[in-house]
Amino acid sequence: MLNFKSYIFILVIVMLLSVGIQIVNANERTEEGEDEELKHKNYYTEKYRPQFHFSTKSGRLADPNGLVYFEGEYHLFHQKMGTWAHAVSLDLVHWEHLPIALEHDELGQALSGSAVVDQDDSTGFFDGGSGLVAIYTNTEGGEAQSIAYSKDKGRNWIRYDGNPVIENPGIKDFRDPKVFWHEESEKWVMVVSTNQSVTFYNSDNLIDWEYQSQFGDDEGSHVAVWECPDLFRLPVDGDENNQKWVLHVSIGDNDVTDGSTAQYFIGEFDGSEFVNENPAKTVLTTDFGQDYYAAQTFSNIPEEDSRTIWLGWMVNWRYPYQSPTEPWMGSISIPRELLLKTTEEGDLRLFQSPIEELQNIRATNVSMDAFTLEGKQKINDFTGTTYEFEAMVEWDQVEEFGIRLRQSETEETVVGTNLVEETVFLDRTRAGLETLIDRDGGVFQFGKRFESPFSKDRKQVKIHGFVDESSIELFINDGEYVFTNLIYSNPTSNEVELYTKGGNIEITTLDFYYLNSIWREIPSEGKMDRIAVSEENVELEIGESIELTVQAKPDWLDMIEPFIWEVQESDLVQIDEIDKTKVRITGVQLGRTPVMVRDADGQTFKEIVVRVQKDKDSEYIDGWGPSPFTGVYSGKWDILDSLCVTSHVEHKPDWLEIYREEIQTGDFNVSADIKWVAQGKEGFPKYGITIIDEKGTTVSVFFNQDIHQLESFLKYSDRELGWEGAGLPAETKFQEPQNLRVEKSGNVFQFYFNGEIVQEREIEMEGNISVGFINENTEAEFSNIRIEKDMNYKNGWGPSPVTGSLSGNWNISNESSVTSLIGNGEDWTEIFKDQILTGDFIVSTNIKWLDQGPEGFSKYGIVVTNGGGNSDVFLT
């Protein structure tokens, strides 16, 4: 029988031999750093990873930018830490990652903007031909508008020498230019966000711009800044002879809408000025969910197509980068066609509907005949986590009805209509993740219900939905009402249930469509694509058990053979099979172990991690967690044991840090063997040791693999002492463990590399001190971590770590035995253990009386005292 490590080795060999397989229905992807691994079966299979939505492989995805069709390709650029990441598609469904298009330059970041086809070479960039021009916001010296151009279908970009083409007019918010060609005026038009308004400019050549007008004062919603404007023309009810302009803006984070939102205006535009045809106070909401922002339309879609199509960033600015996803954050909505249609109430509104190309990823169909429903009914013929569904419902007398999606015993997302309150709603209250920490560090109620008005007199409703691993997009009545919501449900919550309250309904049509992943090859009939497990990181105490459910993917696969479970450290946990898809895992001994579940032939597997702890509710795992006195703790770390941690590649602007539980005082040294594993394409690859006192004074020292240096950074709470670097030997191999040690002696800090001092700096640090590790944009392994105090201790006995007090005469036998001697002093005599304790603890000892002096009282025992929240334990 194969052991765990042998099995892993065989799997690696199989995967290496299979990299030549061509992916069906997916383009060859060429993003830097992504070669043949994309063809592995585990590509894009992380927990919550969207299967038919666009998401970046790693890092932060934000606003869609520069959406344009050119010479047979749809281009999707998007924000990624102030750069323009890039992908292309032939069908708006399957995407090919390309390298970053616009990096930072001397004018700062490349923020959001748009792209156009300069068909007639108005810029003069294309030698009489045509090409792509990107218009974006630069940041150095204030937000301003710049341009870049490409002569090779967007693969390489050249910044215009005369950037910026529009200087900042002296305002803070001046960004996100949307540019298009206006036929009637024969001008390029730019609409750009200017705080809670938009401003229009005209140009003949995309280089020289003239101010035209401003729109927004007292119009629509002004609860926060307006961003990412768009302006496009649509026929009314399909009449090409009757067209209106739609001006769209996203609205930033605010308390009124409990996060960000978006609105649109309908009116007239003559190339210079937009006029709203609705009353100024009218607010037209784009999406009634919470996670649709920065939507942009594609430019240059061929005339024979004639559709207006847009995409949005599926997120909310209350929690833009706080989602529980790794190694990516953020995704893009499915493409939607836009229409202007008159509602049953006679109002002209923007309708959104999924593009028809999405029908090409339908795998199988489950269709149900018309039936009457009263009460509730499970859909026994269909379960899944990535699918499309359509339903037509009619009623006469009923209070509420709906469909419960991604359901399990503990979770569900509900789509329904309440005819008493006359609303249609999407409710993620019990969808899994209930709260998260928002971008300001506060607890945000993520699980909640979202509604829009809906008249009970309509007597019927059409519901069209798209369910992915971490989102639901809902289109009511052909997109008259749209809800876009993220959900973070258990990967195995896959049931569907219909229900009514207070009456019955007629379900005239009900169809479910399983959807293929756009990221991997379509599996052969009867073959498994991937494995989903209900929990991927399990924490247990000794004797505690948890039941795990495992499912075979794709959703329509009927798994006959049982799954095989294998434990690397078999003495730590016990696994008992409950049935073909469930097991019970019980903690046996303290420790951490990978657990693998696989199919019988070993071609598909999933690895989870189980940790058995003394107290799983503690903030500390094996002594690792937040700073004991500041609570600082950020980023994702794999805690292997008390001496080993591993950082993750994460695209964040701040240091990511983890601390030891104990507090240090006085002089000490800290060391670790550190091995570089991988790094991202953004930020600097830094990783090392950080020391901070209770006043915020900080000493950080780290390896910078890119420039082959050891760097240090010192700061007080109110000012910085800056950076210093020291070159490391040319033969240094960061892929192998390198020892880093910091020695504190008074106010002097010495930094050692493999035992040799390379730098010395001075800063005043006093009182209680936290010791931890930091990383930026790097995966690194920290091992053999040691913290040693430079104090006069014998077998752990000596002066108080907090006060330095030591008095009397004591015989120290060993670390657990001391003997006091008779002395005639007037005060207590005392000796301390060298450790500091925090929180709750127990101290005990066996004490034997031997003798006593003729003066004073004969007392001896334990005393506990504290200072600054820390406790000393000593014998008296």
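The values are calculated or read from the model by the stated rules, or taken from the named source; none is laboratory data. No experiment lies behind these values; they were computed from the predicted model shown. Don't worry about glycine lacking a Cβ; one is built from the backbone with ideal geometry, like all the others, and counts go over all protein chains shown. With ligands, DNA and RNA removed, areas are computed over all heavy atoms of the protein, side chains included. Shrake-Rupley method; radii C 1.70, N 1.55, O 1.52, S 1.80 Å.
Note on Q397 and E140: their simple-model spin labels are 7.4 nm apart, each label 7 Å out from Cα toward Cβ. Using a/c under 1.5 as the rounded threshold, could you call the range 344-473 rounded, prolate or oblate? The axes a ≥ b ≥ c are square roots of the C-alpha gyration tensor eigenvalues, and prolate needs a/b larger than b/c, oblate otherwise. Since a/c stays below 1.5, the shape of the range 344-473 is classed as rounded.
Length gain on complete extension for the stretch A730 to D120, per 0.36 nm per residue less the alpha carbon to alpha carbon distance?
Values: separation 610, 0.36 × 610 = 219.60 nm, distance 5.31 nm.
Length gained between A730 and D120: 214.3 nm.
On the chain, 44 percent of the accessible area sits on carbon and sulfur atoms, based on a 1.4 Å probe.
Please work out the Cα center distance from the range 437-455 to the range 569-645, rounded to the nearest Å. Rounded to whole Å, the Cα centres lie 31 Å apart. For the chain, the longest principal axis of the alpha carbon atoms and the long axis of helix 4-17 meet at an angle near 40°.
What is the ratio of the Cα radius of gyration of the range 633-743 to 2.2 N^0.38 Å, with N the residue count, to two decimals?
1.08
Once the Cβ-Cβ distance between A370 and V283 is put in as r, and R0 is 30 Å, what FRET efficiency do you end up with, to the nearest 0.05? Computed FRET efficiency for A370 and V283 comes out at 0.20.
How big is the shadow of the Cα convex hull of the range 227-313, averaged over all directions, in nm²? Mind dumping the intermediate values first?
Details: hull surface 26.9 nm².
The number I arrive at for the range 227-313 is 6.7 nm².
Accessible surface area normalised per residue over the chain is 43 Å², counting heavy atoms of protein chains with a 1.4 Å rolling probe.
From the alpha carbon centroid of the range 143-162 to that of the range 702-739 is 35 Å. For the range 631-723, applying the loop criterion from DSSP together with a ceiling of 10 other beta carbons within 10 Å to the trypsin sites (Lys or Arg not before Pro) yields R719. Taking every alpha-carbon pair under 8 Å whose residues sit at least 6 apart, the range 678-819 reaches a relative contact order of 23 percent.
So if I place +1 on the C-beta of Lys and Arg and -1 on the C-beta of Asp and Glu, and nothing else carries charge, what would the dipole magnitude of the chain be about its Cα centre? I want it in debye, nearest 20.
On the way: 72 positive and 153 negative charges, 451 e Å.
Approximately 2160 debye in magnitude.
Cross-link partners for K606 among the aspartates and glutamates, with Cα-Cα distance under 12 Å and sequence neighbours closer than 8 places in the same chain left out: E46, D529, E535, E536, E566. Legend: distances between Cα atoms for K744/K794; K47/K341; K616/K652; K57/K686; K57/K187; pairs beyond 30 Å are K47/K341; K57/K187.
What percent does the relative contact order of the chain come to when contacts are Cα pairs within less than 8 Å and at least six residues apart? Show your work: numbers first, answer last.
Numbers: 2225 pairs, mean separation 69.9, N = 876.
Normalised by residue count, the contact order of the chain is 8 percent.
Show that you can apply the helix-only estimate: for the chain, add -39,500 (n - 2.57) for every DSSP H stretch of four or more residues, divide by all residues, and state [θ] at 222 nm to the nearest 500.
-500 deg cm²/dmol
Note on Kirkwood radius over Cα pairs in Å: of the candidates [x] 33.3; [y] 29.7; [z] 30.9, the value calculated from this structure sits at [z]. When the charge dipole of the chain is built from unit charges on Cβ atoms (+1 for Lys and Arg, -1 for Asp and Glu) and taken about the Cα centre, the candidate among G162, S333, A726 whose Cα reaches farthest toward its positive end is A726. Annotation for the range 526-587: chymotrypsin sites (Phe, Trp or Tyr not before Pro) lying in DSSP loop with at most 16 further Cβ atoms inside 10 Å of their Cβ are W556.
Estimated at 0.36 nm per residue, the fully extended path between S783 and Q574 surpasses their Cα-Cα distance by 72.5 nm.
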